[in-house]
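Engineer: Could you have a look at this structure, given as structure tokens, before my questions?
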Amino acid sequence: MTFNHFMQMIIAALFFMVFTFCTWYEGSEILDRPWEWKHSTHFTNINDEQAIEADDISKFDHFVYAAKFKPLFPFLMVTTASYLIILTGYILFQRWIKKMALFLLGFGVIFLFSSGYVSNSQLLEEISFKHFF
């Protein structure tokens, strides 16, 4: 690993931490909105538990809420994480072109399936193009 790659990893990791903190902070708004707990507390409801108080809400649900209602920092967080993963793959497979292509193909397939999963969310059904046109 060259110094250039090392600096890119360090800078990207710092940006990822900043964006993660900002996402978590913006998502903490869910604590003040109990009417959203039914729709945005997926991690809290994993064990069939309902959030009764704000202390019952999982920290991961802050990220879900931020992604649904304030998506700038979650988008930047995912973009930075993707950059880190692709840079790591480049560093590992730069001498083997076919392995690098297979790595990028697998990463693209993961993005394809995750976009299909996210596109079935309830929020996108509420905010559809028919409301705008």
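The values are calculated or read from the model by the stated rules, or taken from the named source; none is laboratory data. If you're wondering where the values come from, they're calculated on a predicted model, not measured in any experiment. Note that each Cβ is placed from the backbone with ideal geometry, even for glycine, and that neighbours are counted across all protein chains shown.
Engineer: Name the single residue, out of those in region 1-34 being under 24 Å from PHE73 (Cα atoms) and among the polar types (S, T, N, Q), that is surrounded by the most Cβ atoms within 10 Å (Cβ to Cβ).
Structural biologist: Ranking the qualifying residues of region 1-34, first place goes to THR23.
Engineer: Check off (1) part of a loop (DSSP other than H, G, I, E, B); (2) in contact (Cβ under 8 Å) with a residue 12 or more places away in the chain for ILE52 and give me the number that stays unchecked.
Structural biologist: It fails just one condition, (2).
Engineer: Now for a separate question. One residue is enough: does region 95-116 have a residue meeting the conditions farther than 30 Å from ILE10 by Cα, part of a helix (DSSP H, G or I) and either out of contact with any helix residue (DSSP H, G or I) (no Cβ under 9 Å at 6 or more places or on another chain) or at pLDDT below 80 (or both)? Break it down into steps so the answer makes sense when it comes.
Structural biologist: So in region 95-116, the residues farther than 30 Å from ILE10 by Cα come out as 116.
Cutting the leftovers down to part of a helix (DSSP H, G or I) gives us 116.
Pick out the ones that are also either out of contact with any helix residue (DSSP H, G or I) (no Cβ under 9 Å at 6 or more places or on another chain) or at pLDDT below 80 (or both) and you get 116.
Yes.
Engineer: Of all residues being more than 23 Å from ILE110 (Cα to Cα) and of a type in the set (S, T, N, Q) in region 35-92, which is surrounded by the most Cβ atoms within 10 Å (Cβ to Cβ)? Just the residue, please.
Structural biologist: SER40
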